[in-house]
Amino acid sequence: MTLLDALRSAVGDAHVLTDADLRASYETDWTGRFSGTALAVVRPASTAEVAAVVRACAAAGQALVVQGGNTGLVGGSVPAGGEVVLSLTRLTSLGAVDVPAAQVTVDAGATLASVQEHARAAGLDFGVDLAARESATVGGLTATNAGGIRVLRYGSMRAQVMGAEAVLADGSVVSRLGGLAKDNTGYDLVSLLCGSEGTLGVITRLRLRLVPRLRSRAVALLALPDTAAAVQILPELRERLPDLSAAELFLAPGLALVRSYAGLPAPFPVAHPAYLVLECAGRADPTDALVEAVAEVDGLLDATVATDAAGQRALWAYREQHTEAISAAGVPVKLDVSVPVGRLPELVERLPAVIEDACAGARPVLFGHVNEGNLHVNVLDAGERAEDVSDAVLRLVADLGGSISSEHGVGRAKVPWLGLSRSGNEIAAMRAIKTALDPAGLLNPGVLLP
Ligand SMILES: Cc1cc2nc3c(=O)[nH]c(=O)nc-3n(C[C@H](O)[C@H](O)[C@H](O)COP(=O)(O)OP(=O)(O)OC[C@H]3O[C@@H](n4cnc5c(N)ncnc54)[C@H](O)[C@@H]3O)c2cc1C
């Protein structure tokens with residue numbers, strides 16, 4: 001039997017896509033920067049089918065690329081050339097919400113939005129949220145240890161994952177879905193899968209922690225003189241607002257781009273250098289507390305608070321439309337970095353000159369999650385100098401004591417710079433883990449490790 005025959009017998013003829021037109025959307029990433037030809041796209045519908053596909057590939061020495069919603073931003077979900085793309089998007093079932101435990105078991109290919117909706121229908125909610133919610137899968141979120149806009153309150157994806165089931169590179173299945181809050185029985189394989197970017201196993205199911213559903217929300221948009229002001233006022237806002245769930249930064253050039261892309265009105269009568277979106281969510285209406293805190297914070301240039309859902313969506317749109325507006329303007333150099341929060345203003349201040357030095361005329365668009373010192377550095381018009389821009393930005397970040405990947409992962413995009421954030425001994429330890437679990441290097445070759 002050929003490999004393709006084995007794959008067809010594992011998942012059915014209709015779910016092995018070899019036709020170029022059918023493969024195309026699986027072969028290019030969301031940014032348009034990374035693409036490659038797949039031998040085939042295989043779409044299993046259960047853990048058993050995933051295991052059969054992985055076993056068939058292992059027997060043939062065939063490399064695989066694992067793919068969820070293909071919204072990743074570092075090129076880790078698409079083939080470099082010749083791999084089988086293993087798409088998880090048919091694994092979508094959602095188990096009954098376990099209300100006493102505030103947990104749910106779901107398939108890895110379920111979208112973030114579907115899990116959020118499912119949790120809300122049971123009076124609970126899911127702690128991670130981000131703009132790609134309609135397509136990003138919980139398997140992909142776990143594999144990248146995604147962050148998003150509520151890390152300030154609930155932590156990253158790793159903090160939501162209570163258990164996982166995964167198919168390892170030899171086709172064997174490991175399953176820890178019991179959801180025990182306390183379980184110290186050796187190495188934490190579930191946690192190891194968080195942030196493993198498809199290099200250690202194919203996640204097929206997840207046991208997820210749920211959080212209380214907080215129906216009352218208030219959103220504010222603050223105008224500020226600079227990033228330093230945002231960093232300076234945040235501790236006071238955190239102190240005064242126990243219901244604070246998000247604090248998102250963007251700057252004047254990003255706002256201008258978003259407004260022209262989405263046709264949005266100006267939020268204030270005049271433009272300002274920096275903006276901070278704040279969201280509070282609670283059981284009781286947090287509006288008064290937010291209005292009061294904003295009124296008493298020093299150094300604001302302007303502010304507006306939205307209490308109804310439409311107004312809140314309108315304020316969030318200025319921040320959430322950044323990624324799409326940037327992609328509509330060109331194929332950007334996309335870097336996602338973090339520095340100690342106190343050094344965020346210095347990073348924002350030094351970046352334009354560093355980028356200009358690396359590529360004259362390149363246009364930086366910066367925004368991020370201020371509480372975690374996390375800045376999304378997007379650079380348009382870098383053309384042939386993309387590598388130089390990446391190198392200059394990531395070296396500055398390392399000099400400031402930061403990380404070359406805050407929440408998107410390393411993927412293919414940042415492999416050459418892993419050594420700026422991880423020591424030689426750490427990389428050797430990671431490689432030893434990879435080799436132990438995937439000795440032939442069949443899962444996501446070229447992703448994460450040099
Ligand atoms: C508009 C927009 C906004 C975004 N905002 C944020 C944000 O705020 N914060 C943030 O962290 N990210 C953000 N992202 C990035 C992206 O949404 C996340 O990285 C998400 O976790 C990827 O999920 P996915 O299902 O699309 O995974 P994919 O893109 O398909 O894959 C991402 C990586 O995970 C691996 N993988 C996928 N599924 C599995 C699985 N089941 N088992 C093992 N490995 C797997 C892939 O091989 C790849 O390495 C954003 C993206 C977009 C387009």
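The values are calculated or read from the model by the stated rules, or taken from the named source; none is laboratory data. For clarity, every value in this text was computed on a predicted model and none was experimentally measured. Here the Cβ positions follow ideal geometry from the backbone for every residue, glycine too, while neighbour counts run over all protein chains shown. Quick note on the areas: whole protein, heavy atoms, side chains included, nothing else; ligands and nucleic acids left out. Shrake-Rupley method; radii C 1.70, N 1.55, O 1.52, S 1.80 Å.
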Near Lys434, which aspartates and glutamates are there with a Cα under 20 Å away, not counting those fewer than 8 places off in the same chain?
Glu83, Glu165, Asp170, Asp188, Glu197, Glu426
With everything on Cα atoms, drop me the angle between helix 287-296 and the longest principal axis of the chain, reported from 0 to 90° to the nearest 10.
60 degrees
Amide proton proximity set for Thr28, modelled H, under 5 Å, gap of 5+:
none
In whole Å, what is the distance between the alpha-carbon centres of the range 26-104 and the range 219-273?
36 Å
Which is the longest run of the chain containing none of the trypsin sites (Lys or Arg not before Pro) found in DSSP loop states (not H, G, I, E, B) with at most 13 other C-beta atoms within 10 Å?
1-181
Quick one: ranking Tyr275, Tyr187 by accessible area, 1.4 Å probe, largest first, what do you get?
Tyr187, Tyr275
Please give the helix 309-320 orientation as an angle from the longest Cα principal axis of the chain, in degrees from 0 to 90, rounded to the nearest 10.
70 degrees
Local electrostatic count, Ala63, Cβ distance below 13 Å [Lys/Arg +1, Asp/Glu -1]:
-2
Rounded Å value of the spacing that divides the Cα centres of the range 281-321 and the range 372-397:
31 Å
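Arrange the residues Thr37, Thr185, Thr105, Thr28 by how much accessible surface each exposes, largest first, with a 1.4 angstrom probe.
Largest accessible area first, the residues go Thr185, Thr37, Thr28, Thr105.
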What is the dipole size for the chain, taken about its Cα centre, with +1 at each Lys and Arg Cβ and -1 at each Asp and Glu Cβ, in debye to the nearest 20?
920 debye
